[in-house]
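Here the structure comes first, spelled out in structure tokens, and everything after it is commentary.
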Amino acid sequence: MISPLLMPYWAVMKPVPFAARTQWKLSTNRLTQAIEARRAAGLPILDLTESNPTRVGLHYPQELLGPLASSEVLKYEPNPVGMLSARQAVADYYRQCKPSASISPNSIVLTASTSEAYAHAFHLLCNPGDEVLIPQPSYPLLQFLADLQDVTLRPYELVYDHGWQIDYPSLRAAVTSRTRAIVLVHPNNPTGSAVSAREREELNQIATEFGLALVVDEVFLDYAHSESESDFPHSFAGNSAVLTFTLSGLSKICCLPQMKLGWMAISGPPDVAADALARLEVIADTFLSVGTPVQIAAPGMLAQRDEVQQQLRRRVRANLDKLDQVLANIPACSRLEVQAGWYAVLRVPAVGSDEDLAVQILEAIGVLVHPGHFFDFHQDGYLVLSLIPPEAEFAEAVERLEACLKNL
């Protein structure tokens, strides 16, 4: 027998004991492999999955950068919940929303991102193994955030019947003794559906009945497809019926994902909301993650959001019109109704898996789309397209799609 002292070091090392919460499937999927193969071959891709507004040719006013050069950014005066000037700017944003919402700057906690705001909410509300209800379909990020906080996600259904709506029987059926909160994505990504006034009443009743909090992700709130103010989704900020955490940030509101500033606005019965804020201050103080420069710049960035938002809203409307023109020539395909946001959902013939179809489209015509299962659609026959690519690029991509989808 060889002495351990003479064996190579790698033969006697013990495996690193990684936490069970990180046991994700890390291998690349077939669509990613197809993307990498196409790029390695030097072949172009028309990307209809693009979600980064800084890569789609928007014009940003130079004034946005001015505050970042201020000498004030050199001072470090940490406040666990964030600088008052930045929190006041967030409160002003809600006051200027269409329709307006009232929230005090003292009820706002700044975070480095909406993802961190989710993490703070889960830390506050859940013990390991507790449950949070999430909509399906929806964005897959929530599963990773929940895994990292040792929280279990239980889905409730969004159903489509002349528009998207919450399936309340499935929501009620998902509640158990360990449920702590209901997550709402308002407007939803990718369905673009917003919570109606009637649905809000029902949600408040269910949360009250079962003693649950609401965690409401509103990052797409400003991007209603209708220009009518009456059609804009109503923010949950200031919702007083139950403990409510309203999440958003600069990433979508100002089209500045690199600036890393999010927040949570806390509302509800006064005593419960005050207790939540006190506990969140300790959580935030533990990390002190929000940078001083972006907090100083936040008032100016939020004040100038309209210029960039108007560009993006025009882009989304133009691309949606083009998509509808193309789909009018494909009887077997349709676009599902969308109220807000940056995405469109296509219903297509389910001739195989959505991933197979997305790979087939990429390899055949060089157009990249999301398969529906990426957003946890329960069955095949769905594709998801981003509406923010430049108009000429989007038009070329969907014209190529027309010929491909006609052959299904």
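The values are calculated or read from the model by the stated rules, or taken from the named source; none is laboratory data. Not measured: the values here are computed from a predicted model. Heads up, the Cβs are rebuilt from the backbone with ideal geometry, glycines too, and the neighbour counts pull from every protein chain shown. We work out accessible area using only protein heavy atoms, side chains counted, and drop any ligands, DNA or RNA first. Shrake-Rupley method; radii C 1.70, N 1.55, O 1.52, S 1.80 Å.
Among Tyr93, Tyr118, Tyr76, which one moves the most in a GNM of the chain with springs linking Cα atoms closer than 10 Å?
Of Tyr93, Tyr118, Tyr76, the most mobile in the Gaussian network model is Tyr76.
If you build the Cα gyration tensor of segment 95-207 and take the root of 5 times each eigenvalue, what three semi-axes come out, in whole angstrom, biggest first?
They are 21, 21, 14 Å, listed largest first.
Accessible area per residue for the chain in Å², computed with a 1.4 Å probe and the full protein assembly in place, what is it?
Per-residue accessible area for the chain comes out at 47 Å².
What is the local net charge at Arg178, summed over the other residues whose Cβ is closer than 11 Å to its Cβ (Lys, Arg +1; Asp, Glu -1)? Before the final figure, lay out the partial values.
Numbers: positive: Arg154, Arg180; negative: Asp130, Glu131.
That sum, taken over residues with Cβ under 11 Å, equals 0.
For Glu307 paired with Asp150, estimate the spin-label separation in nm (one decimal), with each label point 7 Å from Cα along the Cα-to-Cβ line.
Each label point is offset 7 Å from its Cα along the Cβ direction, giving 4.9 nm.
In the chain, what percent of the accessible surface is made up of carbon and sulfur (1.4 Å probe, ligands and nucleic acids excluded)?
Exposed carbon and sulfur together represent 53 percent of the surface.
Please say if the chain is rounded, prolate or oblate, where rounded means a/c under 1.5 for a ≥ b ≥ c the square roots of the C-alpha gyration tensor eigenvalues, and otherwise the choice is prolate for a/b larger than b/c and oblate otherwise?
rounded
So if the hydrodynamic radius of segment 38-122 is defined as the Kirkwood radius over C-alpha pairs, what does Stokes-Einstein give as its diffusion coefficient at 4 °C and 1.567 mPa s, in µm² per second?
Diffusion coefficient, whole number: 76 µm²/s.
If each DSSP helix of 4+ residues adds -39,500 (n - 2.57) and the sum is divided by the residues in the chain, what number results at 222 nm, nearest 500 deg cm²/dmol? Don't jump to the answer; show the numbers that get you there.
On the way: 13 runs with 154 residues, N = 408.
The per-residue figure over the chain is -11500 deg cm²/dmol.
Over segment 227-340, consider all pairs of different Cα atoms and compute the Kirkwood hydrodynamic radius from their mean reciprocal separation; express it in Å, one decimal. Kindly include the intermediate steps, with their values, before the conclusion.
On the way: mean 1/r = 0.0568 Å⁻¹.
After inverting the mean inverse Cα-Cα distance, the result is 17.6 Å.
Quick one: among Pro80, Pro105, Pro331, which has the greatest mean-square fluctuation in a GNM of the chain with alpha-carbon springs under 10 angstrom?
Looking only at Pro80, Pro105, Pro331, the biggest GNM fluctuation is shown by Pro331.
Using label points projected 7 Å from each Cα along Cα→Cβ, tell me how many nm separate Glu209 and Ile45, to one decimal.
Inter-label distance under the simple model: 4.6 nm.
Take Ala274 and Ala318, extend 7 Å from each Cα along the Cα→Cβ direction, and tell me the distance between the two endpoints in nm.
The modelled label-to-label distance comes out at 5.3 nm.
Which distance in Å, rounded to a whole number, links the C-alpha centroids of segment 106-143 and segment 305-323?
Result: 29 Å between the Cα centres.
Between segment 23-70 and segment 227-249, how far is it from one alpha carbon centroid to the other, in angstrom?
Distance between centres, Cα-based: 30 Å.
Taking only Cα atoms and a 10 Å spring cutoff, compute GNM fluctuations for the chain and point out the largest among Ala278, Ala303, Ala318.
Taking springs between Cα atoms under 10 Å, the residue moving most is Ala278.
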